[in-house]
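*Asks:* Here it is, the structure, as structure tokens.
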Amino acid sequence: MTKKEDNGISVNLISRQKLGQLSSDEKLKFILNEVKKGKILVLEYGLTPMEQTSLIESTMREIEHDTFIGVEMEGYGEDRPTFVQKIFGIIKKPRITLIGPANLLKTIRKDSNIIQTKIIPGKGS
């Protein structure tokens, strides 16, 4: 499951343009495939609550105890819309999201400004 490249762990920064080209289903398949390869993803635009739920559901169907135990996901949700945005139905995109294999990535702390994680090399190789 977790292929290490050059004895390291791959961290991919995914632009909003890349994600914007994909449907919700394509986005989730892309994310799950990359995480199953042992990559840690940083999404410039995060996932909506519905996409997060769908990713967790997909992950639960894909679990293989010997090779893939699931995902660790942390991010910032959508900013609260202002009164004017609510009136005009403007939907704000979720902010940054960090996703990786559960055996490699652990969230240490999260507040409104910082997500602190720990990458655990050597597990699941």
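The values are calculated or read from the model by the stated rules, or taken from the named source; none is laboratory data. Just so it is clear, the model here is predicted, and its values are computed rather than measured. Ideal geometry is used to build each Cβ from the backbone, glycine not excepted, and the neighbour counts take in all protein chains shown.
*Asks:* Please work out which residue is modelled with the highest pLDDT, limiting yourself to the range 77-125 and to residues that are part of a loop (DSSP other than H, G, I, E, B) and among the basic types (Lys, Arg).
*Replies:* The qualifying residue modelled with the highest pLDDT is 95.
*Asks:* Could you please tell me which pairs satisfy a Cβ distance under 6 Å, a separation of 6+ or placement on different chains, a first residue in the range 22-47 that is farther than 16 Å from residue 63 by Cβ, and a second residue that is modelled with pLDDT of 90 or more and of a type in the set (S, T, N, Q)?
*Replies:* 39/12; 41/12; 44/15
*Asks:* I would also like to ask the following. Do any residues in the range 53-68 that are within 15 Å of residue 38 (Cα to Cα) and in contact (Cβ under 8 Å) with a residue 12 or more places away in the chain have Cβ atoms under 9 Å from those of residues that are in a helix (DSSP H, G or I) and of a type in the set (A, V, I, L, M, F, W, C), where the two are at least six apart or on different chains, and which pairs are they?
*Replies:* Matching pairs, first to second residue: 59/32; 59/35; 62/32; 68/35.
*Asks:* Of all residues in the range 12-56, how many are aromatic (Phe, Trp, Tyr) and either farther than 18 Å from residue 115 by Cα or over 12 Å from the mean Cα position of the chain (by Cα) (or both)? Break it down into steps so the answer makes sense when it comes.
*Replies:* Of the residues in the range 12-56, the ones aromatic (Phe, Trp, Tyr) are 30, 45.
Then drop every residue that is not either farther than 18 Å from residue 115 by Cα or over 12 Å from the mean Cα position of the chain (by Cα) (or both), which leaves 30.
Counting residues in the range 12-56 that are aromatic (Phe, Trp, Tyr) and either farther than 18 Å from residue 115 by Cα or over 12 Å from the mean Cα position of the chain (by Cα) (or both) gives 1.
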